[in-house]
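Take a look at the structure set out below.
Readers should treat all values here as calculations from the given coordinates under stated rules, not as data from a laboratory. Keep in mind the model is a prediction, meaning the values are calculated, not measured. Neighbour counts are summed over all protein chains in view; Cβ atoms, including those assigned to glycine, are modelled from backbone coordinates with ideal geometry.
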Amino acid sequence: MYISIVSSPIFPTAMGYQRLSPNFGHKRSPAAAVIPLLTTPLSGHTANSSALRGRLLAIYILLTTSHFRGVRVALLLAAIVAMSFADLWMTLTYATTTGMMEMNPIAHFIMQTGSVAAISSWKLATAGLGVIILYLTRSKRCSEFGTWVCFTTMILLMAHWSHFNANITTYTEEISFLAGTQAHQWVEMR
């Protein structure tokens with residue numbers, strides 16, 4: 001529920017309605033009003049629909065207003081970093097055991113050296129550089145867009161890894177064939 005009276009929004013809370021600062025959207029950030037909405041416990045007598053609506057509204061504000069762009073970008077970048085580490089771990093797991101297809105020509109070249117440190121450094125450096133650039137420019141709309149693109153790409157990569165891991169036993173013949181023929185994109189780091 002969102003009610004606006006003389007450009008001062010009123011939000012439902014566990015204890016009734018709360019008016020945001022008259023400077024909402026101008027000089028002062030609405031964090032002072034949004035943070036209590038997010039942190040109010042939803043247990044006991046406060047677990048009513050008004051408190052839940054207040055929490056959902058605070059989440060909506062966090063996700064849609066430009067005041068919180070930096071927070072959104074920082075949270076997305078944290079998720080990107082976590083997914084980058086997961087990607088590195090899975091890449092190293094398969095490359096050092098059964099072998100794998102690496103479609104990225106630069107990563108393929110580095111992996112052919114057989115150095116775990118080299119591929120780890122390269123992956124961490126490229127992901128780290130991108131994260132640093134996006135974090136330093138997090139208040140810009142184009143930076144948020146770029147962060148969403150990277151986040152979506154990493155989600156798709158995690159879905160690919162998840163599907164591959166779930167079906168690895170069905171790929172036994174293909175992996176044996178590729179390892180035996182030394183296909184162009186095949187890499188083994190042993």
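General remarks:
- Residue exposure proxy: LYS140, LYS123, ordered by other Cβ atoms within 10 angstrom of their Cβ from fewest to most, comes out as LYS140, LYS123.
- For the pair ALA82 and ILE175, the difference between a 0.36 nm per residue extended length and the Cα-Cα distance amounts to 30.7 nm.
- Calculated diffusion of segment 68-187, Stokes-Einstein form, Kirkwood radius summed over Cα pairs, 37 °C and 0.692 mPa s, µm²/s: 209 µm²/s
- Whole-Hz couplings from phi, Karplus 6.51/-1.76/1.60, listed for segment 83-89; x for Gly and Pro: 5, 5, 5, 5, 4, 4, 4
- Protection proxy ranking, peptides 155-161, 95-101, average beta carbon neighbours within 10 Å, highest first: 95-101, 155-161
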